[in-house]
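The values are calculated or read from the model by the stated rules, or taken from the named source; none is laboratory data. Since this is a predicted model, take the numbers as computed values, not measurements. Using ideal geometry, Cβ is built from the backbone for each residue, glycine included, and neighbour counts are taken over all protein chains shown. All accessible areas refer to the heavy atoms of the entire protein, side chains included, with ligands and DNA or RNA removed. Shrake-Rupley method; radii C 1.70, N 1.55, O 1.52, S 1.80 Å.
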Amino acid sequence: MNVSARNIFSGSISAIVPGSVNAEVELTLAGGDKLVAIVTESSTQSLGLAVGKAATALVKAPWVIVLAGESNLKFSARNQLSGKVQSLSKGAVNTEVAIELAGGSLVYAVITNDAAKELQLSVGAPASALIKASHVVLAVPA
């Protein structure tokens, strides 16, 4: 599968919370980290989503918000994935940040160089990736 999304997470569906319009689908990744997606009920049906089924989550790197260090704030973003900065790749305008989660998964974010500087990001420093559940696209084998 070739896609333009930088973040591709494979896992198993561990929970589905149905709703009248949308469903909340929890995907457990290989290392135990969890990612939640909001999908329409019709997508839940057409994709045959069910607990235990394998699925892949796609998240574009610009949709990932980076939080440096610890915070005393609560966020509306459903996915708050903590880890450590594994790498920083600075470009002319943007920096790609790779955050390694406790389970070993990598989350990539693309932020401005100014934001990377303001956040004082460095390899090994604690950081979190905030991802809205509506920004997670699910795919299943055809």
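Note on the chain: GNM, Cα springs under 10 Å; of Val25, Val51, Val110, the largest mean-square fluctuation is that of Val51.
Reported value for the chain: 113 Å³ per residue, from the convex hull of its C-alpha atoms. Per residue, the accessible area of the chain comes to 54 Å², computed with a 1.4 Å probe over protein heavy atoms only.
Just flag the trypsin sites (Lys or Arg not before Pro) in the stretch 71-120 sitting in loop per DSSP whose Cβ has no more than 13 other Cβ atoms within 10 Å.
Here the sparse-neighbourhood loop sites are Lys74.
Short to long, the 10 Å bins of the Cα pair-distance histogram for the stretch 49-122 hold 17, 47, 27, 8, 1 percent of all pairs. Counting Lys and Arg as +1 and Asp and Glu as -1, what is the net charge of the other residues whose Cβ lies under 12 Å from the Cβ of Leu101? Computed value for this residue: 0. Computed over the chain, relative contact order equals 29 percent, with contacts defined as Cα pairs under 8 Å that lie 6+ residues apart. Between beta-carbons, use under 15 Å as the cut-off and find the net charge around Ala55, counting Lys and Arg +1, Asp and Glu -1. Combined, the nearby Lys, Arg, Asp and Glu give -1. Volume per residue for the stretch 1-58 equals 86 cubic angstrom (convex hull of Cα atoms).
The share of accessible area on the chain that comes from carbon and sulfur is 54 percent, using a 1.4 angstrom probe. Bridgeable lysines around Lys90 (alpha carbons under 23 Å apart, same-chain partners fewer than 8 residues away excluded): Lys60, Lys117. For Lys84, the shell of other residues with beta-carbons less than 14 Å away shows a net charge of -3, using +1 for Lys and Arg and -1 for Asp and Glu. The 1.4 Å probe gives accessible areas that order Phe9, Phe75, largest first, as Phe75, Phe9.
For the options Gly19, Gly83, Gly104, a Gaussian network treatment of the chain with springs between C-alpha atoms closer than 10 Å singles out Gly19 as fluctuating the most. The separation of the stretch 102-133 from the stretch 1-36, counted between C-alpha centres, amounts to 20 Å.
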